[in-house]
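Everything on this sheet refers to the single structure shown next.
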Amino acid sequence: MPRPAVILVGADKGGVGKTTVSRTLLDYFASRKITTRAFDTECPKGTLKRFHPGITDVVDVTSVPDQMKIFDTVESSGTQITLIDIRAGLMTPTLEALRNIGFIDMTKRGDLAFAVFHILGPSIASLDEIAETSKFLLDARYFLVKNFINNTTFFDWDEGTYNSYFNRIPHAVEVAVPKLSEMACEKVELSAVPFGTFIADRTASGQPAGYSFVLRGYVRHWLNGVFTEYDRVRLTDILESQDSAAAKPRASAKVAELSPQRASS
Amino acid sequence: MNASAIDRRNTPVAPSPEPGRSGRAPIYIVCSPNRQVGKTMLARLLAEHYMADSRVFAAYDLSDEAPGLADFLTHYVSIPNIRDMRSQVRFFDGLIEAGNVPKIIDVSHREFANFFTIVDKIGLFEEARRRTIEPLILFLIDPSPVAAKAYGLLRRRFSGISLLPVRNLTVAKGLPYCASFPHASKLVVSLEMAVLGHAARALVEREKFSFLNLAKQTPPYSDMSARTRAELDAWFRRARFQFREIELSLIREQILAALQSDLCA
């Protein structure tokens, strides 16, 4: 029996692509037929909700009622994944709140799965964030995401320094999100649909959209690359019990498996 | 009906298909990773084959050195650019939207890798087939290891797409097909360009030369000997015979596919 999982996507710095990564995760789980719900903490105007309105609620993660709305319903919601797109600056406060309400202890008992996607920026400040964040995550799956989509080069990192931070967290896994051309990226932004729906050439209401076939091809190629990364780190294993996850062989999901209906949901 | 006249300064303006013609329209991709193997000559022959029957076609010159296809067939050939995303969208989207019109693309040796990388990323061939367009890669073979390697790569990467080795006897006489350039197509055709005599060759290499004007009594056509005229006429007819074989093979494949689909229904 799969256990419900909570995925936090965040960074203390803004503009590093948190919402983009959240969108790829929602598309990935949709392609694997894993049910999801999402919370967008860009309150009151959510960005994630623009792309996935059917499954996304905009919440203020610092308010107790909204914390109850998210965390009290993880098991009863009927969805396998609860994804929370944490807005800039709220990563550490949210983890503190989770610790205070006993959520992190629940995950230690194995009742719930918990994973954090920490989106890294190119500055050394991002490395300090790792140290800050990791102290909450001894039993969680911790993914350090190098997001190249917005042309980040990570040029000012010294490899040794990075490794010293990286090695402090025994379960940290590095994920690289490849670059998508600006024009394709911009077109998907304007169309305000999930990546899978864009690839399937559909509008948000499921009608034929007439997007450029070239741009759809580039987005499909890019999203396949992202999915390959998620397969590589065995992302869906977070749903399994800790014992069975270790032994399970990997399966791969391709973007072609996204049906228009599924992708636009 | 006249062959399509396209503004050569810009990319595809889709000509309308011929009334009454249906079925899959071919995209001929004339290519080789090497120069001086006869790519432009083959593309010219194909274009003039359609012109001789007053059939609609579209031709694109992706060469970056003169004389290219557009230098010989000035009014019939577009010169696209595929170096940046915006140009790629204009060219490849136009190519796909042009629908049921045969298309000829002369890919220069310098654009070879870039062209097929883009084609692979955007899924051009898959999309073309969804839109009843049949991609045919006409690969000019030669004895160099580069050609054999490139042919092998195309064969592996685009399995299921017709990859036809074209033997230009001027550069590939005696070169065994089977080892390095195995036939990789359902179409049972074998393409060969015979050696031309020096006088005939010098004539066809002149810009503005057209096989369709062989009967003209104005220079340079009036200056050629009867023997050269007969040689060129026979050479062109032989090439056209092979192109008709391709067209017939395409029709045969379509009929077989339709029959198979009817039997399965």
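Read-outs: derived from the displayed coordinates by stated rules, not from any lab. Just so you know, these numbers come straight off a predicted model, no measurement behind them. Cβ sites come from the backbone with ideal geometry, for glycine too, and all protein chains shown count toward neighbours.
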Between the Cα axis of helix B:226-264 and the main Cα principal axis of chain B, the angle (0 to 90°, nearest 10) is 10 degrees
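How many Cβ atoms of partner chains, on average, are near each residue of A:212-224 if near means within 10 Å of its Cβ?
So the per-residue partner count for this stretch is 6.
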Going down the list A:Lys179/B:Lys103; A:Lys45/B:Lys121; B:Lys121/B:Lys149, which pairs span over 30 Å between their C-alpha atoms? A:Lys179/B:Lys103; A:Lys45/B:Lys121
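For the protein assembly as shown, take N as its residue count and report Rg(C-alpha) divided by 2.2 N^0.38 Å.
That ratio works out to 1.22.
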Any aspartates and glutamates with Cα under 18 Å of the B:Lys173 Cα? List them, leaving off those in the same chain fewer than 8 positions away. B:Asp142, B:Glu192
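Past the 31 Å Cα-Cα mark, which pairs from A:Lys187/B:Lys208; A:Lys33/A:Lys135; B:Lys186/B:Lys216; A:Lys13/A:Lys108? Could you put the intermediate results ahead of the total?
On the way: A:Lys187/B:Lys208 42 Å; A:Lys33/A:Lys135 33 Å; B:Lys186/B:Lys216 40 Å; A:Lys13/A:Lys108 28 Å.
Going by Cα-Cα distance, A:Lys187/B:Lys208; A:Lys33/A:Lys135; B:Lys186/B:Lys216 fall outside the 31 Å limit.
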What's the ranking of B:29-38, B:118-127, B:63-72 by average number of surrounding C-beta atoms within 10 Å, highest first? B:29-38, B:118-127, B:63-72
Pair-distance profile P(r), taking every C-alpha pair of chain B, with 5 angstrom steps and integer %: 1, 6, 13, 18, 20, 18, 13, 7, 3, 1, 0, 0, 0
Expected vector for the stretch A:221-229, Karplus 3J(HN,Hα) from phi with 6.51, -1.76, 1.60 and θ = phi - 60°, integer Hz, x for Gly and Pro, equals 4, 5, 5, 4, x, 5, 4, 4, 5
Taking the Cα atoms only, what angle lies between the long axis of helix B:85-97 and the longest principal axis of chain B, rounded to 10 degrees? 90 degrees
Amide H within-cut-off set for A:Asp57, under 5 Å, with H built and near neighbours excluded: A:Ala38, A:Phe39, A:Asp40
Quick one: if you stick a label point 7 Å off each Cα along the C-beta vector at B:Ile251 and B:Lys208, how many nm between them? 3.7 nm
Protection proxy ranking, peptides B:48-54, B:212-218, average beta carbon neighbours within 10 Å, highest first: B:48-54, B:212-218
Counting only other chains, and only Cβ atoms inside 10 Å, what mean value do you get across the residues of A:183-193? 1
I want to check the label-to-label distance for A:Ala192 and A:Ser76. Put each point 7 Å from Cα in the C-beta direction and report it in nm to one decimal. 3.3 nm
Helix B:145-157 against the longest principal axis of chain B: what's the angle in degrees, Cα atoms only, rounded to the nearest 10? 30 degrees
Straight-line reach from A:Lys69: which lysines have Cα under 17 Å away, leaving out those fewer than 8 places along the same chain? A:Lys49
List the residues, sorted by chain then number, that are 5 or more residues from A:Leu8 or on another chain and whose placed amide H is less than 5 Å from its amide H. A:Ile84, A:Ala115, A:Val116, A:Phe117
Given H placed on each backbone N at 1.01 Å, which residues far from B:Lys103 in sequence or on other chains put an amide H within less than 5 Å of it? B:Ile27, B:Tyr28, B:Ala58
I'd like the Karplus ³J(HN,Hα) series for the stretch B:191-203: coefficients 6.51, -1.76, 1.60, θ = phi - 60°, whole numbers in Hz, and an x wherever there's a Gly or Pro. 9, 8, 10, 5, 6, 9, x, 4, 5, 5, 5, 4, 5
Give me the percent relative contact order of the stretch A:13-57, please, defined on Cα pairs under 8 angstrom at least 6 residues apart. 33 percent
